[in-house]
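Engineer: Here it is: the structure, laid out below.
The values are calculated or read from the model by the stated rules, or taken from the named source; none is laboratory data. These figures come from a predicted structure and were not determined experimentally. All Cβ positions, glycine included, derive from the backbone under ideal geometry; neighbour counts span all protein chains shown.
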Amino acid sequence: MHKLYTYFILIYTLIYGFTYGQSGLAHLQNGKLKSKAGDFSGAIVEFTKAIAIDSTCSQAFFLRGKAKFALTDYIATLKDWEKASSLGLPDAKNLLQKHTELLELSKKQELENERKTQIAATEEKREVNPQFPGGEEALLSYINENISYPFRAKIAGIEGKTG
């Protein structure tokens, strides 16, 4: 009985492991096809699925980085290529060395995005019309409570505009 249980576990592990690895390879191949077709966003999804199945697949990190490069997401590109390089992929290491200016571009891109966000926030603030805190009702309430007609003018019946 113990041997039967051991064989069952062994067979299950082999089948599950084979299927699991094959699925990751399929996602890797789908990602390559989508990259060649110019569908870089779709390719990124496929490479990410391959990485979810096998987090040591340096090729998936490398190719996902290339797809992100095509979409000008330089910060994410560097992260993927660094990961692929740390997993021992020589191509990734070479590209990292070759594209040292990529880091500078990514920093410029980040600064530009920050600047655009600040400009948009400033423009948004300009579009809001000023108003009394609490709205019109609060303004009328404030006027009623804080402005009073002078007592002597009221008794004398004096009316008119003020200067």
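Engineer: Need the failing condition index for residue 155 against (1) part of a helix (DSSP H, G or I); (2) surrounded by 10 or more Cβ atoms within 10 Å (Cβ to Cβ); (3) of a type in the set (A, V, I, L, M, F, W, C), just the number.
Structural biologist: Residue 155 satisfies all of (1) part of a helix (DSSP H, G or I); (2) surrounded by 10 or more Cβ atoms within 10 Å (Cβ to Cβ); (3) of a type in the set (A, V, I, L, M, F, W, C) except (2).
Engineer: Quick one: which helices (runs of 4 or more DSSP H) lie wholly within the stretch 68-151 and hold at least 1 residues that are surrounded by 10 or more Cβ atoms within 10 Å (Cβ to Cβ) and modelled with pLDDT of 85 or more?
Structural biologist: So the answer is 74-86, 100-127, 136-146.
Engineer: What is the one condition in (1) exposed (fewer than 10 other Cβ atoms within 10 Å of the Cβ); (2) modelled with pLDDT of 75 or more that residue 64 does not satisfy?
Structural biologist: So residue 64 meets the others, but not (1).
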